[in-house]
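The values are calculated or read from the model by the stated rules, or taken from the named source; none is laboratory data. Nothing here was measured: the structure is a model prediction, and the numbers come from that model. Positions of Cβ are backbone-derived with ideal geometry, glycine not excepted, and every protein chain shown enters the neighbour counts. These area figures cover heavy atoms from the full protein model, side chains too; ligands, DNA and RNA do not enter into them. Shrake-Rupley method; radii C 1.70, N 1.55, O 1.52, S 1.80 Å.
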Amino acid sequence: MTAAFAARNAHGGHPGGVSGKLLDTSALARFVDPLPIPASAKPSSLRPSPVDPKLQIPYYRMAIRQFQMGVHRDVPPTTFWGYDASCPGPTIGARSGNPVLVEWVNELPHQHIFPIDHTLHGAEADKPEVRTVVHLHGGRTGPESDGYPEDWFVPGQSATSYYPNRQDAATLFYHDHAMGITRLNAVAGLMGLYVIRDAFEDGLNLPKGAYEIPLVIFDRSFQPDGQIHYPVSGKTGAPWVSEYYGSAILVNGKIFPYLEVEPRKYRLRLLNGSNGSFYLLSFSTDPSVTSTGLAFYQIGSEQGFLAAPAQMNLLILGPGERADVILDFSGQSGKEIYLRTNVAIIMQFRVAAKKAADSSTLPAMLRPVPRIQESAAVITRELTIADYQNRLGRSNVMLLNGAHWNMPVTERAVLNSTEIWSFINLTDDSHPIHLHLVRFQLLDRRPFDLAVYQLTKKIVLTGPAVELPAGDLGWKDTVRVDPMTITRIIVKFEAFAGKYVWHCHMLEHEDNEMMRPYIITES
Ligand code: C2O
Ligand code: CU
């Protein structure tokens, strides 16, 4: 954990989710519901590939619907929106190099379940209330299939995306990206995993099948009737709030679930699917939140394997970030292990007493991650992250590089060129910054003097670069940009030319101007 890291999360003291009218989720019985595992999506047929019509490729039809889900044994059913009427949606499993088609079908009702802020860009009163568009986060996808925020479609319509899957094995996820209402569609439940596997991974002999468990983590607050609570600002006609922190942390859609495991190695694919919460995650035999966590190994970051497993006992995961982890329960026979944050218990693993066979391995080396040399960069862009507040200190708007969504495109990269993007965080919070299409490497995080910058626009570094945890040295697509820190990434813009977006993955920020188009040009 870095000294500069600053963010809040569920139970983290933010008043947003605490109110007398809400369900007291901390009082719910713990570990009474088994952990659900999202279903595997099944293709409904084969269809000709749009790029090579002689080739028949899997075609999935994913209906986006309103449905009811039980988040806990003692909570009345909750209305959610979900892909194939589930949250998380079915996991799409793809092989690297084997393209698929997914038809995303909007079968939602015509009314939203949360109040829309029509003062936000793209969500004006003349826009239909219910709109969706699906983005495959981390996907190397052509611009026409990437889920551009303005390419939304309404109930009764659908959009078909072509995913080439020409990329390394990695844990991706699909989610809503509709302009100005992404935060509301996401809170309603619109997300699911998309796992790409490849031959290299097959050769690693990692735990698989029943021993590979996805953990999609997000927080929600609930009303006593079981419905999701999403707060409003109190400002007439402008209900947007700057962050959403729920009182309960759910895993795969359950509050305080448990999972029965064998005393052997497991592979856990973690996704932080929260709108705004960062999690400091650890595993422990002790439910008390003050003890030190068990050792585990991170084997992958957002865009695939690390060069080697990294032993750790604490993992920071911001919204949109993923981690691939090996946890060894052997030696824990008959015990209970807890997944928790620094302030709250999330779930329980019940380790069976009986000895278990385990022929899987944790290789000493994984996939080489060649470092991109800084000298490869043709340009360094300095991009500020700022929060513009009113006289009461409340956020009005949050901007990337001082620019609104609809201002002319300022980030233009040439196809196959390499750039350094230097994020200058002028706010008091960490922001997870995501670029569509590309994978990148984190160069460094360096503290700087904010006061001097505000007066002179000059960067004065105040100390050495912060030491990067091993998980930050792998391929990433979303990176935590800490307050009063300059975070530099190096990125090669490859695979497609066209218009994409980059944005903060705190969805309240994204919906209020913290998102910008960028363009990759052929030359
Ligand atoms: Cu996960 Cu542009 O998003
Ligand atoms: Cu942000």
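Summary of values
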| quantity | calculated |
| --- | --- |
| Pair list, Cβ < 8 Å and 6+ apart or interchain, from the stretch 499-517 residues that are at pLDDT 95 or above to residues that are among the polar types (S, T, N, Q) and within 9 Å of ligand 1 (Cβ to nearest atom) | His505/Thr478; Leu507/Thr182; Glu510/Thr182; Asp511/Thr182 |
| Given (1) open to solvent by less than 10 Å² (accessible area, probe 1.4 Å); (2) under 21 Å from Tyr59 (Cα atoms), index of the condition Val130 fails | (2) |
| The stretch 110-142: number of residues that are closer than 17 Å to Trp405 by Cα, within 16 Å of ligand 1 (Cβ to nearest atom) and without any contact (Cβ under 8 Å) to a residue 60 or more places away in the chain | 0 |
| Unmet criterion (only one of (1) among the hydrophobic types (A, V, I, L, M, F, W, C); (2) within 21 Å of His503 (Cβ to Cβ); (3) open to solvent by 20 Å² or more (accessible area, probe 1.4 Å); (4) touching a residue at least 40 places away in the same chain (Cβ under 8 Å)) for Trp152 | (4) |
| Count - residues of the stretch 393-446 that are open to solvent by 30 Å² or more (accessible area, probe 1.4 Å), touching a Pro at 6+ places or on another chain (Cβ under 9 Å) and outside any loop (DSSP other than H, G, I, E, B) | 1 |
| From Ala308, Ala356, Ala323, residue being part of a loop (DSSP other than H, G, I, E, B) and either of a type in the set (Gly, Ala, Ser) or free of Cβ contacts under 8 Å to residues at least 24 places away in the same chain (or both) | Ala356 |
| Some residue of the stretch 292-304 being open to solvent by 10 Å² or more (accessible area, probe 1.4 Å), in contact with a Phe, Trp or Tyr (Cβ under 9 Å, 6 or more places away or on another chain) and not small (Gly, Ala, Ser) | yes |
| Yes/no for Phe200 being more than 18 Å from the chain's Cα centre (by Cα), away from ligand 2 (no atom under 16 Å from the Cβ) and either modelled with pLDDT under 95 or assigned to a helix (DSSP H, G or I) (or both) | yes |
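Results for (1) open to solvent by 30 Å² or more (accessible area, probe 1.4 Å); (2) part of a strand (DSSP E or B); (3) polar (S, T, N, Q); (4) within 16 Å of ligand 1 (Cβ to nearest atom), shown as yes or no for each residue.
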residue: Ile459; (1), (2), (3), (4): yes, no, no, no
residue: Val466; (1), (2), (3), (4): yes, no, no, no
residue: Asp472; (1), (2), (3), (4): no, no, no, no
residue: Arg480; (1), (2), (3), (4): no, yes, no, yes
residue: Thr487; (1), (2), (3), (4): no, yes, yes, no
residue: Tyr500; (1), (2), (3), (4): no, yes, no, yes
residue: His503; (1), (2), (3), (4): no, yes, no, yes
residue: Glu508; (1), (2), (3), (4): no, no, no, yes
residue: Tyr518; (1), (2), (3), (4): no, yes, no, yes
